[in-house]
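K.L.:
Here it is, the structure, as structure tokens.
The values are calculated or read from the model by the stated rules, or taken from the named source; none is laboratory data. This is a predicted model, so every value here is computed, not measured. Please note: Cβ atoms are built from the backbone with ideal geometry, for glycine as well, and neighbour counts cover all protein chains shown. Note: accessible area is taken over every heavy atom of the protein model, side chains too, but ligands, DNA and RNA are not part of it. Shrake-Rupley method; radii C 1.70, N 1.55, O 1.52, S 1.80 Å.
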Amino acid sequence: MTDEDVLAKIKASVLGLTEEPKLARPRRITARTTPDKVLTVLSGLKDAGCRHLSAISSVDLGDAFEVIYHVSVGGVLVSLRTSLPKATPLVPTATGVFPVAVLYEREAHDLMGIEFEGHPDPRPLLLYEGWPEGQYPLRKDWKPPTGGEKHA
Amino acid sequence: MLKRLATWARKKSPWILLFNSGACNACDIEVLSLITPRFDVERLGVLAKGTPRHADILIVTGPVTLKQMERLQRIYDQMPEPKYVVAMGACGALGGIFKGLYHVVGGVDKVIPVDVWVGGCPPRPDEIIDGVVKVLQLMDDDAKHGGKGWRQKPQEVAA
Amino acid sequence: MPEVEIPIGPQHPALKEPVNFKVIVDGERIVRLDLDISYNHRGIEKAAETRDFHKALYLVERICGICSHAHTTTFAKGVEALMGIEPPKRAQWLRTLVAELERIHSHLLWLGVAAHEIGYNTLFMYAWRDRETVQDILETISGNRVNYGMNAIGGVRRNISDSMRIAILGGLRVLSERAAYYTQVIREEETLLVRTRGVGRLPTERAVALGAVGPVARGSDVSFDVRRDDPYLAYDEVPFDVITSTANDVFGRVEVRAKELVQSVQMAIHIVENLPEGPTMAKAPRTAPVGEYVSRLEAPRGELLYYLRTKNTDKVDRVGIRTPTLANWPSVVEAIQGHVIADIPVVVAAIDPCLSCTSRMTFVDTDGGPKGSLSWDDLVAYGQKYYREKEGLP
């Protein structure tokens, strides 16, 4: 399918989007939804042909967090984003729709502190066991603990 | 360079233990190249050993991540004297390009004493062999002096 | 379910990165496989936010010393897309050449290590000896055997002369013969076939559902290759096929890599013979405007993905990197279900992990039985012995 085909299919069949999906660049579609509708949209995208979850990105925008699900069909990548409040960055787990999300969500939790409700195995993935709880290094306001080298 | 190694190895037949403290793998594959046909250090008596209890020389790659810090210490403690440590590459020296990153200690000698540093990112196999030869030389010199105590400390050299 | 914990000692002379596995077994059969990859987490994504694009390039190059060019290319082309610049043709072709050379060296490296895991040391030595030819070619082009530093924002930092072309083609012709030899070996060698056929089964449907990428996916007949599906660099002009296998098991993954090895050599020859003339660098601005882009690339191990955000500065605001091995891990976990412990080295090696199996393997078998310790070496030796006895081989 060409990126135009994929876009048309999404517009026609995927429910729960809060904005018109757009072709941002060749083979790159962006879409948006709210946290409560994420699973609906992800299932819809999957049914529309996007059966591969390539990655889940987490971003600290300063005034909010953003979680972006990158799903694809062949070369066409759809980036579905949702905004989460800073105080309670909570979104349902996508593992029921895309099993590979199990590791990507652990990473987003570990480094950015996003909570994935219902995750079957919410253990740290990358930070070692001695890492202090509640310290999320990818957050913009995170500072390394005092003492030691200047953070590069 | 291989001839020098052969001379030394015949005297000592060093057993080497490789420890990856969180490296990108570049140093590790260059060390591994040494036992493959082009360099083939095993025929010179240099052996890679699996356990710390039998090793003479510990080669450490990586900048030492927080996760590996304790294990590195433990491996070193398990080695019998006389034991020698080679820190590989820019990472082994000061953490390399990863210096200051939040999950990195930054340099092998922040955790255990180091005898030889081999520079590079990664060092080439011939530079690694050079490093091994230096260690063997050091082992010989130390034996002659009855231990490591005779070696000049860095601050004495600076003065 | 009986669970016994057997911690495995860490040290192994054959490198690769440290990782900790926890295997839950029921007697001999594996029930679950857990992964601990914190051993070489360094904090690269965070560090990239405080380094300008040029410095960040050197940083991401060292995420992995085996597929370093894949990382810098994905990053560079992503930043270039955000800047709205396009490297000149010759630069794109040179990037492609090094990418395919990297695939060759990576597959040979994997072939050797995988052979070593099943006790086939001769093959390990042959593969790594032949790999030296690739290292020499890469050194001729870039000045370094590993971490070649080819890329800059806007193009490539090195060029190849006519005399270099002759030398490179000579090396590639040797590799062509060797690659053909390896495809023959994997089809005929009894030791290899016994350990790979029917092992680590992953049906096509499951490979798709579990998000598998690269040779793992293609070895289960999933026709997905970023070079064809989301073309970049010179891949829309250099002829190649997407190689798949219907074996849907470890042998399938082996077969795909062996054939890719042959093909990458052919592609490299084609690139050197048809290299367009022209400059090798486009002028890059100092900053990138506000924007967002997902850059994808087919690394030797599979789809590599960089999520990039820029905000009108000379640094990324955010870079999110998803490496192929992470994508393939759930497939390993599924493929190893019901297998015996002896199969672990092979099934894990079959995904060509860019994190090492060198480190701990904790076996958890719950009947409170005797605790033992197994090094990776012991495990590999156990696997070899198990299969020799099983097949009545000497």
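K.L.:
Taking interchain pairs and intrachain pairs at least six residues apart, which have beta carbon atoms under 6 angstrom, with the first residue in the stretch C:104-126 and more than 17 Å from residue B:34 (Cβ to Cβ) and the second of a type in the set (Val, Ile, Thr) and at pLDDT below 85?
P.N.:
Every condition considered, the pairs that remain are C:117/C:380; C:120/C:191.
K.L.:
Every residue in the stretch B:86-115 that is out of contact with any Cys (no Cβ under 8 Å at 6 or more places or on another chain), surrounded by 24 or more Cβ atoms within 10 Å (Cβ to Cβ) and more than 12 Å from every other protein chain (Cβ to nearest Cβ), please.
P.N.:
B:86, B:87, B:108
K.L.:
Could you list, in sequence order, the residues of the stretch C:278-308 that are among the charged types (D, E, K, R) and under 18 Å from residue C:54 (Cβ atoms)?
P.N.:
C:283, C:286 - these are the residues of the stretch C:278-308 that are among the charged types (D, E, K, R) and under 18 Å from residue C:54 (Cβ atoms).
K.L.:
Among B:139, B:79, which is the only one that is more than 10 Å from the chain's Cα centre (by Cα) and within 11 Å of another protein chain (Cβ to nearest Cβ)?
P.N.:
Exactly one of B:139, B:79 is more than 10 Å from the chain's Cα centre (by Cα) and within 11 Å of another protein chain (Cβ to nearest Cβ), namely B:79.
K.L.:
Looking at C:110, C:93 in this structure, which one is among the aromatic types (Phe, Trp, Tyr), over 21 Å from residue B:27 (Cα atoms) and either open to solvent by 10 Å² or more (accessible area, probe 1.4 Å) or part of a loop (DSSP other than H, G, I, E, B) (or both)?
P.N.:
Residue meeting the stated conditions: C:93.
K.L.:
Next question, about the same structure. Does residue B:60 satisfy being touching a residue at least 24 places away in the same chain (Cβ under 8 Å), buried (at least 22 other Cβ atoms within 10 Å of the Cβ) and touching a Lys or Arg at 6+ places or on another chain (Cβ under 6 Å)?
P.N.:
The answer is no for residue B:60.
K.L.:
Would you point out the residue of the stretch B:33-64, among those that are modelled with pLDDT under 85 and in a helix (DSSP H, G or I), that is nearest to the other protein chains (Cβ to nearest Cβ)?
P.N.:
B:52
A quick yes/no check of all residues on (1) in a strand (DSSP E or B); (2) open to solvent by 20 Å² or more (accessible area, probe 1.4 Å); (3) closer than 20 Å to residue C:295 by Cβ:
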{"position": "A:68", "(1), (2), (3)": "yes, no, yes"}
{"position": "A:94", "(1), (2), (3)": "no, no, no"}
{"position": "A:110", "(1), (2), (3)": "no, no, no"}
{"position": "A:127", "(1), (2), (3)": "no, no, no"}
{"position": "A:144", "(1), (2), (3)": "no, yes, no"}
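Residue-wise test of (1) assigned to a helix (DSSP H, G or I); (2) within 20 Å of the chain's Cα centre (by Cα); (3) of a type in the set (D, E, K, R).
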residue: C:57; (1), (2), (3): yes, yes, no
residue: C:70; (1), (2), (3): yes, yes, no
residue: C:100; (1), (2), (3): yes, yes, yes
residue: C:106; (1), (2), (3): yes, yes, no
residue: C:126; (1), (2), (3): yes, yes, no
residue: C:130; (1), (2), (3): yes, yes, yes
residue: C:140; (1), (2), (3): yes, no, no
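K.L.:
Ok, one more. Kindly list the number of the only condition in (1) in contact (Cβ under 8 Å) with a residue 40 or more places away in the chain; (2) more than 8 Å from chain C (Cβ to nearest Cβ); (3) within 28 Å of residue C:291 (Cβ to Cβ); (4) touching a strand residue (DSSP E or B) at 6+ places or on another chain (Cβ under 7 Å) that fails for residue A:116.
P.N.:
Status for residue A:116: all satisfied but (1).
K.L.:
Pull up the stretch A:38-57, narrow it to residues that are under 21 Å from residue C:296 (Cα atoms) and open to solvent by 40 Å² or more (accessible area, probe 1.4 Å), then point me to the one that is nearest to the other protein chains (Cβ to nearest Cβ).
P.N.:
This residue is A:51.
Rundown of residues vs (1) open to solvent by 60 Å² or more (accessible area, probe 1.4 Å); (2) within 12 Å of another protein chain (Cβ to nearest Cβ); (3) at pLDDT 95 or above, yes/no style:
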{"site": "A:1", "(1), (2), (3)": "yes, yes, no"}
{"site": "A:28", "(1), (2), (3)": "no, yes, yes"}
{"site": "A:31", "(1), (2), (3)": "no, no, yes"}
{"site": "A:36", "(1), (2), (3)": "yes, no, yes"}
{"site": "A:59", "(1), (2), (3)": "no, yes, yes"}
{"site": "A:91", "(1), (2), (3)": "no, no, yes"}
{"site": "A:99", "(1), (2), (3)": "no, yes, no"}
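K.L.:
So is residue C:272 within 16 Å of residue C:99 (Cα to Cα), open to solvent by less than 10 Å² (accessible area, probe 1.4 Å) and in a loop (DSSP other than H, G, I, E, B) or not?
P.N.:
no
K.L.:
Of the conditions (1) out of contact with any Asp or Glu (no Cβ under 7 Å at 6 or more places or on another chain); (2) at pLDDT below 95; (3) over 30 Å from residue B:69 (Cβ atoms), residue A:67 clears all except one; give me its number.
P.N.:
(2)
K.L.:
Taking residue C:233, is it open to solvent by 10 Å² or more (accessible area, probe 1.4 Å), over 30 Å from residue C:388 (Cα atoms) and either assigned to a loop (DSSP other than H, G, I, E, B) or at pLDDT below 95 (or both)?
P.N.:
Here the answer is yes, as residue C:233 does meet what is asked.
K.L.:
Of the residues A:25, A:32, A:51, A:106, which is basic (Lys, Arg) and closer than 17 Å to residue C:322 by Cα?
P.N.:
A:106
Table: residues versus (1) part of a loop (DSSP other than H, G, I, E, B); (2) open to solvent by 20 Å² or more (accessible area, probe 1.4 Å); (3) at the interface with another protein chain (Cβ under 9 Å from one of its Cβ atoms); (4) farther than 30 Å from residue A:133 by Cβ.
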{"residue": "A:8", "(1), (2), (3), (4)": "no, yes, no, yes"}
{"residue": "A:15", "(1), (2), (3), (4)": "yes, yes, no, yes"}
{"residue": "A:23", "(1), (2), (3), (4)": "no, yes, no, yes"}
{"residue": "A:71", "(1), (2), (3), (4)": "no, no, no, yes"}
{"residue": "A:77", "(1), (2), (3), (4)": "no, no, yes, yes"}
{"residue": "A:88", "(1), (2), (3), (4)": "yes, yes, no, no"}
{"residue": "A:102", "(1), (2), (3), (4)": "no, yes, yes, no"}
{"residue": "A:106", "(1), (2), (3), (4)": "no, no, no, no"}
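K.L.:
What is the residue count in the stretch B:121-134 for residues that are surrounded by 20 or more Cβ atoms within 10 Å (Cβ to Cβ) and either out of contact with any helix residue (DSSP H, G or I) (no Cβ under 9 Å at 6 or more places or on another chain) or in a loop (DSSP other than H, G, I, E, B) (or both)?
P.N.:
The qualifying residues number 4.
K.L.:
Would you pick out the residues in the stretch C:211-228 that are open to solvent by 30 Å² or more (accessible area, probe 1.4 Å) and not hydroxyl-bearing (Ser, Thr, Tyr)?
P.N.:
C:221, C:228
K.L.:
Which ones in the stretch C:208-255 are β-branched (Val, Ile, Thr) and under 21 Å from residue C:173 (Cα atoms)?
P.N.:
Selection gives C:238 alone.
K.L.:
Sticking with this structure for a sec: If residue C:150 passes every condition in (1) within 14 Å of chain B (Cβ to nearest Cβ); (2) surrounded by 19 or more Cβ atoms within 10 Å (Cβ to Cβ) but one, which one does it miss?
P.N.:
Only one criterion is unmet by residue C:150, namely (1).
K.L.:
I would also like to ask the following. I'd like to know if the stretch C:185-197 contains one or more residues that are on the phi > 0 side of the Ramachandran plot and either more than 12 Å from chain A (Cβ to nearest Cβ) or surrounded by fewer than 21 Cβ atoms within 10 Å (Cβ to Cβ) (or both).
P.N.:
No.
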